[in-house]
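Novice: Would you mind keeping the following structure in view while I ask a few things?
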Amino acid sequence: MFPLLYSLYLSFFAVDILSGTFKFIGIANYVNLFSDGDFLTALKNTTIFVVGTIPFTTILALIAALAVNARLPGASFFKPALVMPSITSMVVMALIFTHLYSPNGYVGALLNLCGIPVPENGLLLSEKTALTSIMVMDILIAFGYYMLLYLAALQNIPRNLYEAAELDGAGAWEKFRYVTLPHLKPITLFILVINTIRSFQIFVEIFVMTKGGPLNSTLTAVYFVYDVGFVKFDMGYASAAAYILFIIIALFSALQMKYFGGREART
Amino acid sequence: MLDLAVFVKYDWSMEYLKYYKIKLAGYICALTVIFSLVISCGGGGSSDSAKITLEFWQFWTDPDAKATVTSLIEDFQSRNPDTEVNVTDLTWGEGHSKIVVAFSSGNPPDIIELGSDWIPEFSNRGALYDISGFTADIRDKHIMWDPGIFGGKYYAVPWLLDTRVIFYNIDLMNRAGVSFEDATVSWDEFLFACQKVNGLGKDIAGFGANSFEKHRLYKKFLPFLWSAGGEVIDRMGESSLDSPEALSAFEYYLNLVKYGAIDTQSNLDQRFISGKLGFNFSGGWLLKNIHNNNPELNFGVITVPTPDGEMGISFAGGEYLALSSRCAHPEAAARFIKFLADPENTARLCETVGFGFPSTKQLPDDPFYTENRNRMLFHEQLLNSRMPPAHEDWVYIEEVIEKMVERGMYRKGEPAELLKQAETEISKILNR
């Protein structure tokens, strides 16, 4: 609690950490942030990242969980294989993908084979492809973990509900639509909220792979906070940026609770 | 008035018990204090009681380099038996943050190794000890004191210096039908060579241009700016990027980028080592990396090109030694940094790490330097190198320069327009 409150306190000061001087400046840090091009770019990129990854991660996780739950051939191999990236260190995964995305990497070669043009200096050094490449990586790494959550929820649905639906003449789609999906609503809400918070906090991938470049195209909110706070040591400004991010995450989570939550979600 | 009846009825046994409890607690406290004093005074034997302990934070973590630093410290300790030096290793990735946090928490080490471009940030805020009085006798011995001076006072001693030169792949140049007659080349000659090598094939690049890497990209552009006669901050302390010299340097640099590849420094070094890059603007560490990873590589080095073919001005970087303002034993600590920075001792470290020079004008009389043409050229370039202006907000200024160069490389504006914008932004930083 103390760091949270102290950070709020700092956000109203111009702090020189080395000389230990604190000058009260009211809401100037907050006002300056909304005219700071880098911060606005960071918020824009973060929003693109969140909106662009969460639906794919969630849908892929659900599809994978349904496939594993249906005990399709190879499910026992794919279950650990899909989970493996999400339990591997993000730094390691980011380094692996940095090589895959390099000018001589496998991803570029694969895209070339498919006739898709690849930027000359690699996917991470073009402002048009850098953020998208990191988003794709993030989806591929993260969905395995959410698949496990969906799998647990799927295995908790009582079998007699499916039998009753079959007696009523329900087909596969009807069983999914009217039995499976309603029972997955609470876990879907949980996944959405957790994934939203995690995605808004994207940092390691950026720190390892691009440092926010090229041309700020991968600059995200937490990386901005890190840069201001721990490279330039402007702790007041960094605290204000962190609080704005905190408010945005809280708003997003509240909206999700409102629109995707419901009585089932709380049972 | 004393009520005798009450006095007699009073439970004196309890009072005595309390009295003995207090007395016992007093004895325990006294014994604890005495025991603590005995432990603190006698822990290391009587001879250690007067020993001075210095905390030294340094960045040499490579096992060989660390062994040399340790051996130097042992030498110092044997000559100064009253002083003990405790070493803490830092990495370049997080060392700066750790140092700042140590200062802000009021618990900095006594002695710190600092990168040349970090010193103003610390000295200008009163975090470093004024060592002017301790350095008078070694000022003529060393070069490149500037980053360590603030307000006419000395705050850091230059320890180990290095610079950047241009490495070129001789085999690729031969294949492209170009060559350098001398180690100093003109802008036109160099651009032509980059163009030719870049045309050798898809997997070969001419000039290795740094991508946007904080604290790196500006070090690659500034030598071209300085070599063209331009400045970031003029003598009056004003921003001066919007000048004809800066424009010609910027346009030239962007032309070089056209005939090359954009990548991170480590990838550019790797490409050069594997023979896929024609020209790489890099530091002394690359000499060691080539020796370790591809000793067969046929390469040479040239100094920074200039418009007329004279030796250009390169970027000098270095390690400096400073004392924190809270150093309890400044005399002993100053003795230690003077010992480490002594040219002979520094040369021992340079030989171990395979690059760098003691901060002296004269090249050490050592085959490690004198029998290696490339190292000798590095030293010539070092004497014709500069460090960025010692400004407390340099971290913000370098970011403006890096963003300007990056926008230019990605064709996000005309060079003249980008220079003008950068000058305006730097002026704001200088005037705040």
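The values are calculated or read from the model by the stated rules, or taken from the named source; none is laboratory data. On a predicted model such as this, the values are computed, not experimentally measured, just so you know. Cβ: placed from backbone, ideal geometry, glycine included. Neighbour counts: every protein chain shown. Keep in mind that these areas ignore ligands, DNA and RNA; they rest on the heavy atoms of the full protein, side chains included. Shrake-Rupley method; radii C 1.70, N 1.55, O 1.52, S 1.80 Å.
Novice: For chain A, what is the accessible area per residue in Å² when the probe is 1.4 Å?
Specialist: Values: 13950 Å² over 267 residues.
For chain A, the per-residue accessible area is 52 Å².
Novice: Around B:SER282, under 10 Å between beta carbons, what's the net of Lys plus Arg minus Asp minus Glu among the other residues?
Specialist: On the way: positive: B:ARG164, B:LYS220; negative: B:ASP269.
Taking every other residue near B:SER282 into account, the sum is +1.
Novice: Moving on to the next point. Provide a list, ordered by number, of residues in the range A:17-32 showing at least 30 Å² less accessible area with every protein chain present than when their chain is taken on its own, using a 1.4 Å probe.
Specialist: In the range A:17-32, residues shielded by partner chains: A:ILE17, A:LEU18.
Novice: Using a 1.4 Å probe on protein heavy atoms, which residues of the range A:113-128 have at least 30 Å² less accessible area in the complex than alone?
Specialist: A:ASN121, A:LEU125, A:GLU127
Novice: Compare the Cα positions of A:VAL222, A:LEU124, A:MET209 along the charge dipole of the range A:40-224 (+1 at Cβ of Lys, Arg; -1 at Cβ of Asp, Glu; about the Cα centre) and return the one farthest towards the positive end.
Specialist: Value: A:VAL222.
Novice: Just how large is the dipole of chain A about the Cα centre, in debye to the nearest 20, putting +1 at every Lys and Arg Cβ and -1 at every Asp and Glu Cβ? Walk me through the numbers on the way to the answer.
Specialist: Working: 15 positive and 14 negative charges, 103 e Å.
My answer is approximately 500 debye.
Novice: When chain B is treated as a GNM, springs tying every alpha-carbon pair under 10 Å, which of B:ASP365, B:ASP162, B:ASP171 comes out with the largest mean-square fluctuation?
Specialist: Among B:ASP365, B:ASP162, B:ASP171, the largest mean-square fluctuation in the Gaussian network model of chain B belongs to B:ASP365.
Novice: Decide, for the protein assembly as shown, between rounded, prolate and oblate: order the square roots of the alpha carbon gyration tensor eigenvalues as a ≥ b ≥ c, take rounded if a/c falls under 1.5, and otherwise choose prolate if a/b is larger than b/c, else oblate.
Specialist: Details: a/c = 1.92, a/b = 1.05, b/c = 1.84.
Since a/c reaches 1.5 but b/c is at least a/b, the shape of the protein assembly as shown is classed as oblate.
Novice: Then there's this: Using a 1.4 Å probe, what is the accessible area per residue for chain B, in Å²?
Specialist: Details: 19990 Å² over 432 residues.
Roughly 46 Å² per residue, with all protein chains present.
Novice: Does any residue of the range A:196-238 lose at least 20 Å² of accessible area with all protein chains in place compared with its chain alone, and if so which ones (probe 1.4 Å)?
Specialist: A:LYS211, A:PRO214, A:LEU215, A:ASN216, A:ASP227, A:PHE230, A:VAL231, A:LYS232, A:PHE233
Novice: Per-residue mean of other chain beta-carbon atoms within 10 angstrom of the beta-carbon, peptide B:319-327? Intermediate values should be presented prior to the final figure.
Specialist: Numbers: counts 0, 0, 0, 0, 0, 0, 0, 0, 0.
Across B:319-327, the average partner-chain Cβ count within 10 Å equals 0.
Novice: Could I ask something else about it? Expected output is a single nm value to one decimal: the length gained when fully extending between B:ASP393 and B:HIS215, i.e. 0.36 nm times separation in residues minus the C-alpha distance. What is it?
Specialist: Result: 62.8 nm gained on full extension.
Novice: Right, something else. Tell me the mean residue ellipticity at 222 nm calculated for chain B from its helices only (DSSP H runs of n ≥ 4, each -39500 (n - 2.57), averaged over every residue, nearest 500).
Specialist: Values: 18 runs with 207 residues, N = 432.
When only DSSP H runs of four or more count, the value is -14500 deg cm²/dmol.
Novice: Here's a follow-up. With chain A treated as a Gaussian network of Cα nodes joined by springs under 10 Å, which of A:ILE87, A:ILE116, A:ILE134 yields the largest mean-square fluctuation?
Specialist: Sorting by GNM fluctuation, first place goes to A:ILE116.
Novice: Using 1/(1 + (r/R0)^6) with R0 = 45 angstrom and r between the beta carbons of A:LEU5 and B:THR424, what's the FRET efficiency to the nearest 0.05?
Specialist: On the way: r = 39 Å, r/R0 = 0.86.
That pair, A:LEU5 with B:THR424, gives E of 0.70.
Novice: For the protein assembly as shown, what % of the accessible area comes from carbon and sulfur atoms, probe 1.4 Å? Show your work: numbers first, answer last.
Specialist: Values: 20230 of 33950 Å².
That fraction is 60 percent.
Novice: With every protein chain in place, what's the accessible area of A:THR180 (1.4 Å probe, Å², nearest 10)?
Specialist: 10
Novice: For the peptides B:208-218, B:96-106, what is the packing order when you average, over each peptide's residues, the other Cβ atoms within 10 Å and list the highest mean first?
Specialist: The densest-packed peptide leads the list: B:208-218, B:96-106.
Novice: Ok, one more. About the Cα centre of the protein assembly as shown, what is the dipole size in debye to 20, counting +1 per Lys and Arg Cβ and -1 per Asp and Glu Cβ, all else neutral? Can you show the working numbers first?
Specialist: Details: 55 positive and 73 negative charges, 559 e Å.
Dipole magnitude for the protein assembly as shown comes out near 2680 debye.
Novice: Please name which of B:VAL400, A:PHE13, B:PHE56 has its Cα lying farthest along the dipole of the protein assembly as shown towards the positive end, using unit charges on Cβ (Lys, Arg +1; Asp, Glu -1) and the Cα centre as origin.
Specialist: Projecting each Cα onto the dipole axis, the largest value belongs to A:PHE13.
Novice: Size of the dipole of the range B:278-414 about the Cα centre, Lys and Arg at +1 and Asp and Glu at -1 on the beta carbon, nothing else charged, in debye to 20? Intermediate values should be presented prior to the final figure.
Specialist: Numbers: 13 positive and 19 negative charges, 42 e Å.
Rounded to the nearest 20 debye, it is 200 debye.
Novice: Ok, one more. Could you state the number of Å between the C-alpha centres of the range A:139-207 and the range A:17-75?
Specialist: Comparing the Cα centres of the range A:17-75 and the range A:139-207, I get a distance of 22 Å.
Novice: By the scheme Lys and Arg +1, Asp and Glu -1, what is the net charge of all other residues having a beta-carbon under 15 Å from that of B:PRO364? Mind showing how you got there, number by number?
Specialist: Values: positive: B:LYS141, B:ARG348, B:LYS361, B:ARG375; negative: B:ASP162, B:ASP342, B:GLU344, B:GLU351, B:ASP365, B:ASP366, B:GLU371, B:GLU380.
Computed value for this residue: -4.
Novice: If you take the accessible area of A alone, add that of B alone, and subtract the area of the pair, what total do you get in Å², probe 1.4 Å, to the nearest 100?
Specialist: Working: alone 15030 and 21010 Å², together 33950 Å².
Chains A and B together bury roughly 2100 Å² of accessible area.
Novice: Moving to a separate point now. Taking the Cα centre of the protein assembly as shown as the origin and placing charges on Cβ (Lys, Arg +1; Asp, Glu -1), which of B:GLY151, A:ILE141, B:PRO295 is farthest toward the positive end of the dipole?
Specialist: Positive-most Cα among the choices belongs to A:ILE141.
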